Amino acid sequence: MKQFNVAGRQSRREKEDLPMRITLTGCLCLIPLLLLCSALPAESQGRRPNVVLIMTDDQGYGDIAAHGNSMIRTPNLDDLHGQSMRFTDFHVDPTCSPTRAALLSGRYSTRTGVWHTILGRSLMDSSERTLAEELKGAGYRTGMFGKWHLGENYPLRPLDQGFDEVVRHGGGGVGQGPDWWGNDYFDDTYWRNGNPEAFKGYCTDVWFREAMRFIDANKERPFFCYLSTNAPHGPLNVAERWSAPYVEKGVAPNQAKFYGMIENIDSNVGILLRKLDELGLTKDTIFVFMTDNGTAAGRVDRQRKKNGQWAGFNAGMRGNKGSEYDGGHRVPCYVRWPGGGIGGGVGGGRDEDSLAAHIDVLPTLLELCGVSRATNAGTLPLDGVSFAARLRDPKRAMPERTLFVHSQRLREPVKWRKSAVMTKRWRLVNGKELFDIRADPGQAKNVAAAHPPVVTQLTRAYDEWWQSLTPAIERTVHIGLGSDAEATTVLHAHDWHRIGPGGCPWSQVHIKKGLPLHGQWSVDVYRAGTYQVELRRWPRHLDASVEATHAEIQLGGKSHETAVEAGATHATFNIELGAGRTTLRTILTMPDGKTRSAYYVYVTRMP
């Protein structure tokens, strides 16, 4: 059975919780209700399980010792593996932002406006109803720690998407353009609820420490803790004590750092699990561990193996991060809920081989928590299905289904690009190659010529799915300007839509080079009025030269220009804007006559 729906539209202002109101009149009504509640399951009485959802970045299925990797050390994840229900055929998107959008929405990432990691295509539409919003609407306290990568500005931030407390870095990784300038994983500045704050320690340690503080502060009420690490994503920075043991065993330096970052994550997972034990929350907490795509550095070239070095381990799969083959999108997913406290729990220590995906996490967790989707979420049909019944009873049958993944690291998606159509048995890759995944898990033999009816069936399913994505592909997600929730909107080159040839300066490394690139932002002016717009080559807090002699801005259908004095840190414009959607483009002319867009633009609605 195919799983896809056409997304509807819903404005941000319509995303309100609609609480159920029960009116009781008189004691004769109250007494039988109380008797009824005493016989209901704990979830029905409002005592719902907590949820801790950990997702690491760029760690593949083979980067865990319990999966057969004889080099890496992951004792805590191995223990968790032993205690959990383990999905063994679980799929995500092949890259970062798309997986996050699908995970939090329960819908294919492209429907949400996300199919890339930069270029304005990593911004999740604010109309999406996230897992955090659903749980918050049911009384949960919600916290997010680490990597967001779905938008830096209102209404796209985690604070706008259902999270009560947030500690995070900027962009898609520490050291990227939207991140605090100079962050390098150690003693960095991150954002706590939108405000910059200096933190001591290694980034992964910070995320887990802040998550545990959040859990401790909310232990008396149901909570949802979304802990999304940036590790082991590059740059591969980690203390030598974590990487050195692997170098000593013959692992190449970068891969040793990658493994060291994972071992550090593993250590923190152990600390967190012990914290839940200490707080008496283990039985009452649904604990999920997963990763966001295939391995980035755990699988290396064959030449290294010929030279006697460790070539990595990929669990026999083909491909890695970004790939349309299983190695790019089949990842670990563990679910542990001992139960016996406030709920029935989930049986652990077993594998679940049903075809499953990131889109299933939201409906599964909502059902396990006894939470129904808000009434106003109905215009956004889910693509995922709930595995709650199956988790509780492995004899419960799951329907046959067809799933889809693709890697569209382009401004506009291209049909069949780096795609996989999946059933329990088959993988149709790029519309041309067919693999019998049961007989050939390494996807080495293309059997399309031997099974034309299967190719036809899966091609038809893909065509229908692609057609259902068309409204989302034609839609552009806009960044808000002039909201009371964000006094000054900081626009980053990471999120612009590229104009002309060349790449996108998404990293601080690119910005340091001063690449002569151009782009524009799609923006939504919420209120008419006067707006002050600052064009900068560097972040405002660096107060460094804009390195330009002339500045131009195209906004609201009009062009504005000004000369720039030598040594000036920015060019400022005061512009009258009407409400509505438009584009914002900037052009800085450098002393050598070349031009580039401003890498940072600060927009403030004036009183």
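The values are calculated or read from the model by the stated rules, or taken from the named source; none is laboratory data. Everything quoted here is computed from the prediction, not taken from an experiment. A quick note on method: Cβ atoms are made from the backbone with ideal geometry, for glycine too, and the neighbour counts reach across all protein chains shown.
For region 368-385, the criterion of a residue being modelled with pLDDT under 95, of a type in the set (S, T, N, Q) and in contact with a Lys or Arg (Cβ under 8 Å, 6 or more places away or on another chain) is satisfied by at least one position.
For A420, the criteria (1) at pLDDT 90 or above; (2) farther than 16 Å from D93 by Cα; (3) among the small types (G, A, S) hold in every case but one, which is (2).
Kindly indicate whether any position in region 386-395 is under 27 Å from the mean Cα position of the chain (by Cα) and in a loop (DSSP other than H, G, I, E, B). Yes. Within region 67-88, residues that are more than 18 Å from R390 (Cβ to Cβ) have Cβ atoms under 8 Å from residues that are among the acidic types (D, E) and modelled with pLDDT under 95 in no pair, counting only partners at least 6 apart in sequence or on another chain.
Within region 179-207, being in contact with a Gly (Cβ under 9 Å, 6 or more places away or on another chain) and closer than 21 Å to G162 by Cα holds for Y190, W191, W207.
Within region 503-529, residues that are closer than 30 Å to A579 by Cβ reach partners that are modelled with pLDDT of 95 or more and among the acidic types (D, E) with beta carbons closer than 7 Å, at six or more positions or on different chains, in the pairs W521/D495.
The condition (being part of a helix (DSSP H, G or I) and touching a residue at least 40 places away in the same chain (Cβ under 8 Å)) is satisfied by just one residue among S468, S483: S468.
With respect to the conditions (1) assigned by TED's automatic domain parsing to the domain that holds T364; (2) at pLDDT 95 or above; (3) among the hydrophobic types (A, V, I, L, M, F, W, C), L391 falls short on a single one, namely (2).
Residues in region 403-449 that are among the polar types (S, T, N, Q) and not in a strand (DSSP E or B): S407, Q408, T423, N430, Q443, N446. Among the candidates H451, H494, the residue that is outside the structural domain of Y325 (by TED's automatic domain parsing), more than 26 Å from Y599 (Cα to Cα) and not acidic (D, E) is uniquely H451.
What pairs come out if I take residues in region 399-428 that are of a type in the set (S, T, Y) and pair them with residues that are modelled with pLDDT under 95 and not in a loop (DSSP other than H, G, I, E, B) whose C-beta lies under 8 Å away, six or more apart or interchain? Partner pairs satisfying both residue conditions: T402/K2.
Considering every residue within region 190-203, establish whether at least one is part of a helix (DSSP H, G or I) and of a type outside the set (D, E). Within region 190-203, one or more residues are part of a helix (DSSP H, G or I) and of a type outside the set (D, E). The residues on offer are N268, N230, N264, and the sole one that is part of a loop (DSSP other than H, G, I, E, B) and either farther than 28 Å from F87 by Cα or assigned by TED's automatic domain parsing to the domain that holds V346 (or both) is N230.
Region 527-584 holds strands (runs of 3 or more DSSP E) entirely within its bounds, and those carrying 1 or more residues that are of a type in the set (F, W, Y) map to 529-536, 571-577. In this entry, D463 passes the filter for residues that are surrounded by fewer than 22 Cβ atoms within 10 Å (Cβ to Cβ), within 27 Å of the chain's Cα centre (by Cα), of a type in the set (D, E) and in a helix (DSSP H, G or I).
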